[in-house]
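The block underneath contains the structure these notes are about, expressed in structure tokens.
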Amino acid sequence: MLSTIGVGILNVLATVLALFVMDKFDRKKMLTVGSVGIAISLVLLSFSSSFHFSTSAILRNVTLCCLCAYIFSLPLTGDLQCG
């Protein structure tokens, strides 16, 4: 339950940030930044999850950071109805 609350808070913060940034940048730049963030986080997530989680606490932290980066990058694409 705590993780669901954390994901929701992160999603709200990223959406509010995207609302303010959207006025200053055009949609093409926002879509590019958000898509690059999503792609990088998913590539790193696939590498970190291909290893065994029990072997290293670093891999668990990398996985958590990649998931947070994905959740944060999704509203930056301009799709504010995600989640």
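Nothing in this text is a laboratory measurement; each read-out follows from the coordinates by a stated rule. Everything quoted here is computed from the prediction, not taken from an experiment. Neighbour counts run over all protein chains shown; Cβ positions are idealised from the backbone, glycine included.
State all residues of the range 7-38 that are surrounded by 14 or more Cβ atoms within 10 Å (Cβ to Cβ) and under 15 Å from residue 67 (Cβ atoms); if no residue qualifies, say none.
Result: 7, 10, 11, 14, 37, 38.
Considering only the range 14-35, state which residues are part of a helix (DSSP H, G or I), free of Cβ contacts under 8 Å to residues at least 12 places away in the same chain and among the hydrophobic types (A, V, I, L, M, F, W, C). Break it down stepwise before answering.
Residues of the range 14-35 part of a helix (DSSP H, G or I): 14-22, 27-35.
Still in the running and free of Cβ contacts under 8 Å to residues at least 12 places away in the same chain: 16, 20, 28-29, 32.
Across the range 14-35, the qualifying residues are 16, 20.
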